[in-house]
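Some notes on the structure that comes next.
The values are calculated or read from the model by the stated rules, or taken from the named source; none is laboratory data. Note that this is a predicted model, so its numbers are computed, not measured. Cβ atoms come from the backbone with ideal geometry, glycine included; neighbour counts cover every protein chain shown.
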Amino acid sequence: MTPSHVLVTRSLTAAAMSAAQRLLAPLVVLDDAPPDRAELLRSARGAVAIVSLLTEQIDDELFDAAGGQLRIVANVAAGVDNIDLEAAARRGILVSNTPGVLDEATADLALALILATTRRIVEADRFIRSAEQWIWGPKDWVGLQVSAGATVGIVGLGRIGMAVARRAHAFGARIIATGSRSSGPEAAALEVVPVGLDELFETADVVTLHCPLTSETRGMVDAARLKSMRQGSYLINTGRGPLVDEDALADALEEGRLAGAGLDVHENEPLVNERLRRSDRVVLLPHIGSAGAATRDAMGLLAVRNVAEVLAGRRPITPVD
Ligand code: GLV
């Protein structure tokens, strides 16, 4: 491996790669697929910076393999749960993420999942592809109507949560939310009602998760929380899979307490829970919240710029504290 190189653990979009080639030489770029662990450790040796993806575990073992000249890990994601932040801080290695640039794309997807589950779009699509014949019926395919004033509960009204609130407000939903910004001026303009976590789960027709995965939030949506949800309500997760106990979610769906769930992220990614896979009322996506073309370019570019700033002796643009 080139000593003092910048390692990009997986190839990014063309725009991001061309910025990386321009700004970050010498560059070592691994393949499209996630590297196996041995390859990751080997290619990190001597790196001054690592541009990492959420598929890579960045921890003490990797820092040891990289050696003492590593200055920054620039994650191409808003979430940093794949990085041992304490280990990085202990070694004086900076960490950056890509907040802000993916809010709209992720909120678009959360709304798509809310509509897909409540209006049963994917289930209806599967039906019409397999049906020999069908006829319109006044009681068929009826689902919750968000635009008729359903209550959407946003867990974690941060940047992405607020982008979801703007969309839900435009759809005519009543919005309740947790998080520090839920009593701020933007929330007030969207008529957001700030509530505690218990009240949110007990009263929302649709609960949508937008909080980071931390030791406090891991497993937050467990059997007890799911039992506290309204009969016929929905759970949407575009945050991180381990926020939800998926077996408990499958129980809640099988018992008929929850009417549906929309999951872009999975507890044991990339594995998908078999019971959820079998359920017609669950819409499952392969972690595509940020997969808008403009957003994926912007995420890669921001990570590249974070590294360039640090190599020039400055602070990253979007450091993780
Ligand atoms: C995607 O999941 C991200 O954290 O950016």
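Here are the numbers for the structure shown:
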| quantity | calculated |
| --- | --- |
| Residues satisfying the stated conditions in the stretch 227-244, i.e. of a type outside the set (K, R) and under 22 Å from L109 (Cβ atoms) | M229, S233, Y234, L235, I236, N237, T238, G239, G241, P242, L243, V244 |
| Residue pairs meeting the criteria (Cβ under 7 Å; at least 6 apart or on separate chains; first touching a residue at least 60 places away in the same chain (Cβ under 8 Å), in the stretch 1-28; second among the β-branched types (V, I, T) and part of a helix (DSSP H, G or I)) | V6/V307; A16/V304; A19/V304; A20/V304; L23/V304; L24/V304; L24/V307 |
| Matching residues in the stretch 104-156 - criterion: being charged (D, E, K, R) and assigned to a helix (DSSP H, G or I) | E104, D108, E123, D125, R126, R129 |
| Single residue of R275, R230, R240 found to be out of contact with any helix residue (DSSP H, G or I) (no Cβ under 9 Å at 6 or more places or on another chain) and in the same structural domain as A177 (by TED's automatic domain parsing) | R240 |
| Residue under evaluation A204, criteria (1) at pLDDT below 95; (2) buried (at least 21 other Cβ atoms within 10 Å of the Cβ), criterion not met | (1) |
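Every residue, every condition in (1) surrounded by 22 or more Cβ atoms within 10 Å (Cβ to Cβ); (2) over 23 Å from D321 (Cα atoms); (3) modelled with pLDDT of 95 or more; (4) away from the ligand (no atom under 16 Å from the Cβ), yes or no:
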{"position": "L30", "(1), (2), (3), (4)": "no, yes, yes, yes"}
{"position": "Q57", "(1), (2), (3), (4)": "no, no, yes, no"}
{"position": "S96", "(1), (2), (3), (4)": "yes, no, yes, no"}
{"position": "I114", "(1), (2), (3), (4)": "yes, yes, yes, yes"}
{"position": "R119", "(1), (2), (3), (4)": "no, yes, yes, yes"}
{"position": "D125", "(1), (2), (3), (4)": "no, yes, yes, yes"}
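Yes/no matrix, rows are residues, columns are (1) small (G, A, S); (2) under 20 Å from R275 (Cβ atoms):
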| site | (1), (2) |
| --- | --- |
| V195 | no, no |
| T208 | no, no |
| D222 | no, yes |
| S228 | yes, no |
| T238 | no, no |
